[in-house]
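Right, one structure below, let's go through it.
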Amino acid sequence: MAKASDLKTGNIVRVNNELLTVDEFIHRTPGKGGAFYVGKFRNIKTNKIVEVRMNTDEQVEICRVETSDYQYLYEEGDYLVVMDNTTFEQFNVPKTLFGSSLRFIKEGMNLLISFESEEPIMAQAPANVELEIVYTEPAVKGDTSTNALKAATVETGIEIKVPLFVNQGDKVRVDTRTGDYIERVK
C-alpha cells in the first residue's frame, strides 16, 4: 500500500476492487483546512472517467502491471491465444480488450498486452498493419475525380475504402484505430 502523495499520472491503482489508471492528479492547498489531492481516473474495463478526492495520507493500492510484446497464434472462441516471445508461454486474452482493432489482427502479428497478476487487463494492436487486397473492382478509365475511392476486401475479410489505383494482390497499410487506408506498400 502507498499513500496518495505517491501517485503519479500513468499509475494503475485498485479502488473498490476496480482497476483505474491515473489520468490527472493535482495537489490542492485551500486557504482553510488541510491539503488534499483531486484526481481523474479512467476505469480500465469500462473506459469511464471517475473523479476522486483523497487526503494526502490516504492509503492506495498501486498495482504492478507488466506490459510486453506477444505473438498472436490463433483464435479460440471468445479469446485470442498469444505467446510470450521470450518464455514461449501461451495465454488466452479476451477479444473484447482489443476493441475495433480486432478486425485487422492476423496470425503471427505482435500485440502489446498488459497483465496484472496473471490477468490480461489491456491489449493493443499495432497502430497500422500491412494487409493484402484479396478483392476489388478494377478502376474504370475516366473515373478519376479528386480523391475517388472504391471498396476493397483485405485478407482478414474486412472491407475498406482505397484509391482507384489499388488493385487486387496489392499490399496496403491500414490504420487499425480508424480502418482508413494509409498507403500502398511495395
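The values are calculated or read from the model by the stated rules, or taken from the named source; none is laboratory data. These numbers were taken from a predicted model, which means no experiment stands behind them. As a convention, Cβ positions derive from the backbone with ideal geometry for all residues, glycine included, and neighbour counts pool all protein chains shown.
Here are a few things to note about the model shown:
- Scanning segment 147-172 for residues that are among the hydrophobic types (A, V, I, L, M, F, W, C) and in a loop (DSSP other than H, G, I, E, B) turns up Ala148, Ile158, Leu164, Phe165, Val166.
- Some residue of segment 136-155 being within 15 Å of the chain's Cα centre (by Cα) and polar (S, T, N, Q): no
- Only a single criterion out of (1) closer than 26 Å to Glu132 by Cα; (2) in contact with a Ser or Thr (Cβ under 7 Å, 6 or more places away or on another chain); (3) surrounded by 16 or more Cβ atoms within 10 Å (Cβ to Cβ) is not satisfied by Val65, namely (1).
- Taken over segment 1-22, the criterion of being of a type outside the set (Val, Ile, Thr) and either closer than 15 Å to Arg53 by Cα or outside any loop (DSSP other than H, G, I, E, B) (or both) is satisfied by Ala2, Lys3, Ala4, Ser5, Asp6, Leu7, Lys8, Arg14, Asn16, Glu18, Leu19, Leu20.
- All conditions in (1) within 30 Å of Ile62 (Cβ to Cβ); (2) surrounded by 14 or more Cβ atoms within 10 Å (Cβ to Cβ); (3) touching a residue at least 24 places away in the same chain (Cβ under 8 Å) hold for Glu130, with the sole exception of (1).
- Long-range neighbours under 6 Å by Cβ, at least six apart or interchain, first residue surrounded by fewer than 15 Cβ atoms within 10 Å (Cβ to Cβ) within segment 41-59, second at pLDDT 90 or above and outside any strand (DSSP E or B): Thr56/Ala35
- Across segment 68-118, the qualifying residues are those that are hydrophobic (A, V, I, L, M, F, W, C) and part of a helix (DSSP H, G or I), and the one among them that is surrounded by the most Cβ atoms within 10 Å (Cβ to Cβ) is Phe104.
- Yes/no for Val38 being assigned by TED's automatic domain parsing to the domain that holds Ser114, assigned to a strand (DSSP E or B) and either acidic (Asp, Glu) or out of contact with any Gly (no Cβ under 9 Å at 6 or more places or on another chain) (or both): no
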